[in-house]
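Have a look at the structure below before the remarks.
Read-outs: derived from the displayed coordinates by stated rules, not from any lab. Values in this document were obtained by computation on a predicted structure and should not be read as measured data. Cβ atoms come from the backbone with ideal geometry, glycine included; neighbour counts cover every protein chain shown.
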Amino acid sequence: MQRFIRIFGFCVLVALPGFVAAQERTETLADIRQELSVLYVEIQKLKRELNTTGGAGGLSSGGSLLNRVNAIEGELQRLTSKTEELEFRVNRVAEDGANRVGDLEFRLCELEEDCDIGSLGESTTLGGIDTATGGDGAAPLPDANTGDGDQLQMAVAEQSDFDAAKAAMDAGSYEAAAEKFAAFRSTYPGGPLTGKAGLLQGESLEGAGQLTQAARVYLDLFSADPNGAVAPQALFRLGRSLGRLGKTEEGCVTLAEVETRFPESDAVLEAQSSMRNLGCQ
């Protein structure tokens, strides 16, 4: 396993320069305000404890600490004020954005022959911020019974674009097909056909003789979702591509990892066949 991690890291550096994995942590202004409020209360408790020590000697010995507490309290008040100011500005931006979106929807409706302007509802605020509750309200969940027509149109368009890219690949226009599949993945990220489109993009690149680019696509697919539906095939094809690029040792290690990670996958038999072809030990 450690050997695979080392080889996989090599693949990232060689086959996909600049690949970076990032994690984001979201924290709302309301969360910050709450934390500041809790800290402010604790500071007040500390001040009361310091002020009830008794004689002048106690105050004298704790004077510097009291000054520090007062400084912290002042900074907390400043940060609280700044947070409220930022929250107000965010609410204004969200409200203005919602107005602009509503205006665009109205204009688009005027351009459509079968659009009923009276049926247009009130636009939600940008980012789902409820300005009526000071920005703390959660965005309402969309009604499952609305937008069925839009979803159907999106699904039809997605299938149409996928079929067009697949037709180009079947016709032997591998470079054009690879471009179409790449555009598809960019247009429909996370869609039901996106993973399959990635595999076919790599296959098209292989058909065009662009093995390095194909390996990068397979590496990207596997790295994006190591436990996803297309992960076994992506890992197998990555190992096979490395072998075809002359990196036999890296290819063998990667192919062996297919059975280790996905013992029940059909890709295991394909990986084993490729390992025999490469003469893996």
### Task
Write out the GluC sites (Glu not before Pro) in the range 217-279 meeting two conditions: DSSP loop, and at most 15 other Cβ atoms within 10 Å of their Cβ.
Glu264
### Task
Please sort 173-183, 236-246 by packing, taking for each peptide the average over its residues of neighbouring beta carbons within 10 angstrom, highest first.
236-246, 173-183
